[in-house]
1. Would you pick out the residues in region 263-312 that are surrounded by 15 or more Cβ atoms within 10 Å (Cβ to Cβ), assigned to a strand (DSSP E or B) and over 25 Å from the mean Cα position of the chain (by Cα)?
2. Tell me, which strands (runs of 3 or more DSSP E) lie completely within region 112-167 with 2 or more residues that are at pLDDT 90 or above?
3. If you take the residues in region 313-334 that are surrounded by fewer than 12 Cβ atoms within 10 Å (Cβ to Cβ) and free of Cβ contacts under 8 Å to residues at least 40 places away in the same chain, which one is nearest to residue 261 (Cα to Cα)?
4. With the requirement that a residue be part of a strand (DSSP E or B) and among the polar types (S, T, N, Q), what does region 1-36 give you?
5. Would you point out which residue out of 113, 82, 157, 140 is in contact (Cβ under 8 Å) with a residue 60 or more places away in the chain and surrounded by fewer than 22 Cβ atoms within 10 Å (Cβ to Cβ)?
6. Identify the residue in region 234-262 that is part of a helix (DSSP H, G or I) and surrounded by fewer than 21 Cβ atoms within 10 Å (Cβ to Cβ) and, among all such residues, is nearest to the chain's Cα centre (by Cα).
7. Has region 22-42 got at least one residue that is assigned by TED's automatic domain parsing to the domain that holds residue 170, modelled with pLDDT under 90 and within 23 Å of residue 180 (Cβ to Cβ)?
8. Can you name every one of the strands (runs of 3 or more DSSP E) wholly within region 329-406 that holds 1 or more residues which are more than 19 Å from residue 274 (Cα to Cα)?
Amino acid sequence: MSFRDRTVVLGVGGGIAAYKACELARLVVKGGGRVRVAMTPAATRFVGPLTFQAISGATVATDLLDPEQERSYGHLALARQADLFVVAPATADLIARLRAGMGDDAVTTSALAMTCPVLVAPAMNTRMWGNAAVQENLAALRARGWHVVGPGAGELADGDVGEGRLAEPAEIAAAAERLLGRRDLEGRRVVVTAGPTREPIDPVRFVSNPSTGKMGYAIARAARRRGAEVVLVSGPVSLEPPPGVKVVRVGAAEELARALLAEVDAADLVVAAAAVSDYRPKRPSDRKLKKSDGEESIVFTRTPDALLAAGERFAGRAGAPVLVGFAAETEDLVENARGKLARKRLDLVVANQVGAPGAGFGGDRNAVLLVEAAGTPREVAGTKDEVAEAILDRAVELLGAKRPRG
């Protein structure tokens with residue numbers, strides 16, 4: 001496993017499985033990573049802080065009121081350093097306090113300050129694991145975007161048999177490695193567009209589409225996790241901005257075009273995932289339109305095509321950024337995607353069939369084809385986070401060929 005140049009903050013809860021957290025810390029260090037440890041008061045009754053200090057080579061946070069530990073706001077220092085926060089073991093009590101947002105010890109207070117991914121490894125008696133309150137608390141943490149690994153099943157320390165065992169350290173370390181991902185976009189600047197645009201008819205009505213921005217936000221989040229400097233040009237959505245990402249908010253297609261073209265010259269990679277309106281009312285009214293008898297009509301005109309302009313700007317230029325477009329089609333998916341690829345001088349088009357089950361607007365899953373000028377389109381399906389990683393996998397390869405490092 002590789003944790004090279006990554007910092008894992010390990011929050012240790014007070015259960016008999018705390019001794020396994022020592023092996024987890026050792027695996028991260030062995031993989032070239034840094035480990036920083038916070039312990040609940042109960043955890044120190046099972047494993048001494050000196051053990052984790054010896055493994056990690058750093059002071060262990062145990063007491064929020066210790067003048068030495070908190071001289072530089074230790075719990076905040078942990079959050080600033082963390083690439084990943086792992087809670088192992090996460091007891092029923094600790095899970096409940098994390099869900100409630102409490103900050104009464106070094107682990108929960110550190111959790112409140114974390115902006116990185118969080119991985120929780122539950123460990124408790126099988127009867128406690130089956131309790132509805134525990135499951136509700138974990139469901140709330142998952143809904144918050146936290147990740148869970150385990151528990152395993154088997155004989156427990158108290159003699160009961162069933163689910164509740166802390167996942168093995170190697171399993172937790174593998175899950176941590178997956179969440180940390182690669183840093184293959186370190187030093188790269190990535191510009192992503194996301195969400196819909198809104199083209200005003202009058203002050204209270206507009207033309208738009210069902211895009212929620214989830215796919216573009218997943219790409220921005222994944223690019224940041226892989227080390228990129230990320231600019232997210234976002235239409236109106238209700239999503240929280242990914243941590244560490246610069247967000248430029250826009251409304252209409254014309255605003256998006258200005259924002260994107262202001263960023264592309266400094267970009268290594270542009271991923272245009274926004275669902276941009278192709279047409280806008282030619283003469284939007286500055287006052288609310290009233291109903292009248294008979295038919296009414298609105299004259300539409302084309303909106304600016306920012307991705308086409310970017311493709312034309314870099315045509316034939318050495319060192320041009322990699323340009324990735326999206327195509328939502330109702331028919332002739334590959335043919336239309338290849339047409340967009342050639343017309344806009346793109347390197348890759350991510351195409352999906354509108355209305356296909358488990359794909360497209362609104363949901364948390366997607367099914368797409370990665371279409372290039374040559375070769376067979378590649379199918380990718382899964383959660384939007386998984387699809388985002390697959391898109392970036394190919395984009396990184398294209399970057400290596402088009403804009404090699406050094």
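1. Selection gives 280, 281.
2. Numbers: elements: 118-122, 152-155, 161-165.
Counting at least 2 such residues, we get 118-122.
3. Looking at the filtered set, the residue picked out is 315.
4. 7
5. Working: 113 fails: in contact (Cβ under 8 Å) with a residue 60 or more places away in the chain; 82 fails: surrounded by fewer than 22 Cβ atoms within 10 Å (Cβ to Cβ); 140 fails: in contact (Cβ under 8 Å) with a residue 60 or more places away in the chain.
That would be 157, the only listed residue that is in contact (Cβ under 8 Å) with a residue 60 or more places away in the chain and surrounded by fewer than 22 Cβ atoms within 10 Å (Cβ to Cβ).
6. This residue is 259.
7. yes
8. Output list reads 378-383.
The values are calculated or read from the model by the stated rules, or taken from the named source; none is laboratory data. Everything quoted here is computed from the prediction, not taken from an experiment. Cβ sites come from the backbone with ideal geometry, for glycine too, and all protein chains shown count toward neighbours.
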